[in-house]
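Q: One structure follows; several queries about it will come next.
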Amino acid sequence: MGLGSLLRLDDPQARHQVARCARRPVTAVTLTGIRIVLSHLRIPTTSALAIALLSTPVAQGSDIRGFTAASATSQKSWEEKFRAIPDPVRLRAAMERLSARPHHVGSVWGKSNAEWLRDQFASYGWDAKIEEYRVLFPTPKERRVELVEPTRFVAKLEEPVIPNDPSTSQRAEQLPSYNSYSGEGDVTAPLVYVNYGVPADYEELERRGISVRGAIVIARYGGSWRGIKPKLAAEHGAVGCLIYADPRDDGYAQGDVYPVGPFRPRDGVQRGSVLDLPVAPGDPLTIGTGATPDAPRIERSAATTIMKIPVLPISYGDAQPLLAALGGPVVPESWRGALPITYKMGPGPAKVRLKAEFNWTLTPAWNVVATLRGSELPDEWVVRGNHHDGWVNGAEDPIAGMIAELEEARALGELVKQGWRPRRTIVYTAWDAEEPALLGSTEWAEHHAAELRQKAVLYLNTDGNGRGYLGAGGSHTLERLVNQVARVVNDPESGGTVWRRAQAARIRFGSPVQRREARERSDLRIDALGSGSDYSPFLQHLGVASLNIGFGGEDAGGIYHSIYDTFNWFTHFSDTSFVYGRALAQVVGTIIMRTANADILPYEFGALAETSRGYVTELKALREEVAGRIAETNRQLDEGVLAATADPKRPERLPAREAAAPFLNFAPLDNATESLARAAARFERVQSTALGGGMDRATATAVNAMLKDVERTMTSAEGLPKRPWYRHLLYAPGYYTGYGVKTMPAAREAIEQKQWAEAEREMGRIATALENTAQQLNRISDRLENNR
């Protein structure tokens, strides 16, 4: 999945480009390694509590959150030593080794990489091992795409070798271009162009009276995660799906193509998974259970997350003859790409044959797990991960992140030799099989679920890395921690800190609201996380406070999930001097050190309360928007406006009347967010006093044990509607967005889908969870006060 992502400075639902796994908006500064969505979050500031939260001081016992003044002095000294160790020369050498050959799950080089990583961790002084799982991993047996009417054309379905990039010539070891967990079939049908293949595009087709039932659809990457395209196509009755990367999004319309420039060449193809990730990631035969060799498995025919229709990705070189053969109406301007053709919807006269067959095998996935045992709190775990598998050579995705993790581990090992000890246990992981659908991390998290719920205090993820601006997304309880660390790490290009450069990017590229907040708010906001990388099982299934971090924004390209994501490409067009790899190691390693050694776990809850209130405000606005849209459409139908303005030469289907939207009761959510705000403010005061002096070890131990469970209070064992694997009630990938986050997802999606009774029910569940969070914070504050 590569599953890294971006810095978005536009509306959260804006269209995406393919440049990073079809999730990066054309109208935004893009960033590899992390998604930050700087949404137009409206935070009401009418209450005294809101004003207090916005002015919550950064410091308490010290200027390092969670530390007493005495322990902070030693901590700063060790952190400075740590940040001096990561070495760009070693980062480059590690990337060259790990990306030397294709290393997908189950491959020879994938196993070699896992063993090399294990041995590297061990050489740094870590207790390192490989944990093996057996996962269902389909690989292509036969692929065929051909235009059979009105003319004949056979798609090449092959990426050509680049003469000056030897990695692209490793044919025998490369996976061909395909979409894992596609359905199988051999179908011939009329072709219909569906733009990005998202719900709004099908609404446009319906208005024009165009059906995809019995057709093969062709969609361009972007607008949503790729798996949504065949999912929606199948729901609308299509029998097959083709996905191509249009040059407008990451090809020649953006700049020179590889090898002259960084963008996608004519025959480049984006591989990737189409497993129904918004329902559940991981092995589709063992959902909820770790895929150990002896785990019980369902039959493949019973698997609900495998796509039901055949799907294949193609290049824009192969897509052009298919699109050029389409008839029907000319598409709206927003549907037009950069190919030198007139884009039309179809159906026909183009008729296409699509054949996809696969080898369905249980494949070994090799997770590398390395541990530094905590000296005082060994049963509190700080977990950090990056995946090591790639679709092909995977230099940017994932190796650019993996090499930073290696340097962090080396640096921490050096500190141990100098006398430093982590108070908590640190667990570093290199996941296998992330690309097919987060398999390695999900199976490990499910296998160790009980232990992780009991012990994990943080999961920190990276997934590739680039050059430019720091991005961070995750649990809002960690927003203050990220900001404090970003203020002490130097930016390699600007001379200031990475925090200052990220702030400057928001001021320059952001909306008016974002510019104001960047200048006036003490902390930069972090984004909520959807899915698409290895944080999902920890945050959204187990309720472990999580982060996803990376740099990017200055290194756009079009090699994602292709044979062109190589060491040669990276060293010509991305972080060529590896200084942002060093910066990533410095940021992540400092966060790990602070979490591992804090006297009180460095969570801060004012940002959580403020952000939750903002989500409620968004839900209210969404209800008003949907209600207004229904009312206006009904009025135009009553007035005959739609019929009077219909163009007889371009017939459109009139919408049906809808029942008026009912009012919803937001009072439970308003009360819950207010309770959370009060509890957060109280905890801040009490913690500051405790860290200032007088807190005994027993109290600190008890408080930390309760603090790690705060994120769990925002989960529900029942899970989300239609997808119980996802348990977090604040953050989840959208059911029809895939990677893109939906906050307070069950309520938000119910309102979007006009399921009003379900919206009321889900708002009640969220309110109960937030009240539980407030109660947990108050119990923690009681324990701190009783220490005095």
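Bear in mind these aren't lab numbers, they're just calculated from the coordinates by the rules spelled out. Treat the numbers as computed from the prediction; the structure is a model and nothing was measured. Every residue, glycine among them, receives a Cβ derived from its backbone with ideal geometry; neighbour counts consider all protein chains shown.
Q: So what is the 222 nm mean residue ellipticity for the chain from helices alone, if each DSSP H run of at least 4 adds -39500 (n - 2.57) and you divide by all residues, rounding to the nearest 500 deg cm²/dmol?
A: Helix contribution divided over all residues of the chain: -11500 deg cm²/dmol.
Q: Still on this structure: When you take every Cα atom in the range 598-751, what is the radius of gyration, and what is Dmax, the widest Cα pair distance, in Å?
A: In order Rg, Dmax, the Cα atoms of the range 598-751 give 23.1, 81 Å.
Q: Next question, about the same structure. Pop the C-beta distance of Gln755 and Lys417 into the FRET formula with R0 = 60 Å and round what comes out to the nearest 0.05.
A: 0.55
Q: For Gly272, enumerate residues with amide H under 5 Å from its amide H, sequence gap 5+ or separate chain, H modeled in the peptide plane.
A: Tyr178, Ser180
Q: If you build the convex hull over the alpha carbons only and average its shadow over all orientations, what do you get for the range 608-666? Give it in nm² to one decimal.
A: 5.6 nm²
Q: Taking every pair of alpha-carbon atoms in the chain, give the share separated by more than 44 Å as a whole percent.
A: So the pairs more than 44 Å apart make up 23 percent of the total in the chain.
Q: So, one more: With the cut-off at 24 Å, tell me which of the pairs Lys111/Lys455; Lys417/Lys455; Lys229/Lys355; Lys156/Lys351; Lys111/Lys231; Lys722/Lys742 have Cα atoms farther apart than that.
A: Lys111/Lys455; Lys417/Lys455; Lys111/Lys231
Q: State the extension gain, in nm to one decimal, for the chain segment bounded by Asp696 and Glu115, taking 0.36 nm per residue of separation less the distance between their alpha-carbons.
A: Gain in length upon complete extension: 204.8 nm.
Q: Using packing as a proxy for protection, rank 621-629, 249-257, 465-473 so that the peptide with the highest average count of other Cβ atoms within 10 Å comes first.
A: Highest mean packing first, the order is 465-473, 249-257, 621-629.
Q: If you don't mind, there's one more thing I want to ask. I need the calculated FRET efficiency for the pair Lys141 and Thr768, taking r as the beta carbon distance and R₀ as 60 Å, to the nearest 0.05.
A: So, using R0 = 60 Å, E works out to roughly 0.75.
Q: Okay, next question. What nm distance separates the two modelled labels at Thr361 and Ala338, each placed 7 Å from Cα along Cα→Cβ?
A: 3.9 nm
Q: Another one. Report Rg(Cα)/(2.2 N^0.38 Å) for the range 490-600, keeping two decimals.
A: Here the Cα radius of gyration is 1.26 times the empirical estimate.
Q: Another question, if that's okay. Stretch Thr304-Ala656 to full length: gain in nm at 0.36 nm per residue minus the Cα-Cα span? Display every interim value, and only then the final one.
A: Values: separation 352, 0.36 × 352 = 126.72 nm, distance 3.23 nm.
So the extension gain works out to 123.5 nm.
Q: Grab the beta carbon distance between Ser577 and Arg516, set R0 = 51 Å, and tell me the FRET efficiency rounded to 0.05.
A: 0.90
Q: To the nearest 10 degrees, how steeply does helix 756-786 sit against the main Cα axis of the chain, on a 0 to 90 scale?
A: The helix 756-786 is inclined about 20 degrees to the chain.
Q: Here is a further query. At a 10 angstrom cut-off on C-beta neighbours, averaged per residue, how do the peptides 584-593, 428-437, 326-335 rank from highest to lowest?
A: 428-437, 584-593, 326-335
Q: Please report how far the C-alpha centroid of the range 658-686 lies from that of the range 216-265, rounded to the nearest whole angstrom.
A: Cα centroid to Cα centroid, the span is 40 Å.
Q: List the relative contact order of the range 299-455 as a percent without decimals, with contacts defined as Cα pairs under 8 Å and 6+ residues apart.
A: RCO, the range 299-455: 23 percent.
Q: Give the value in nm², to one decimal: projected area of the alpha carbon convex hull of the range 226-291, averaged over all directions.
A: Directional mean of the projected Cα hull area for the range 226-291 stands at 6.6 nm².
Q: Lys and Arg at +1, Asp and Glu at -1: add these up for the other residues within a Cβ distance under 15 Å of Val579 and post the number.
A: -1
Q: Where in the range 147-170 is the amide nitrogen less than 19 Å from a point lying 7 Å along the Cα-to-Cβ axis of Thr188?
A: From the range 147-170, the list is 147-156.
Q: In nm, give the distance between the simple-model label positions of Thr289 and Ala253, each being 7 Å from the Cα along the Cα-to-Cβ direction.
A: 4.8 nm
Q: I'd like the Kirkwood hydrodynamic radius of the range 397-496, using the inverse of the mean 1/r over distinct C-alpha pairs, in Å.
A: For the range 397-496, inverting the mean 1/r across all distinct Cα pairs yields 16.1 Å.
Q: Which of the peptides 121-129, 157-165 is most tightly packed, and how do the rest follow, judged by the mean count of other Cβ atoms within 10 Å per residue?
A: Highest to lowest by the protection proxy: 121-129, 157-165.
Q: Out of residues 5 or more away from Arg727 or on other chains, whose amide H comes under 5 Å of its own, with H placed 1.01 Å from N in the peptide plane?
A: It is His541, by chain and number.
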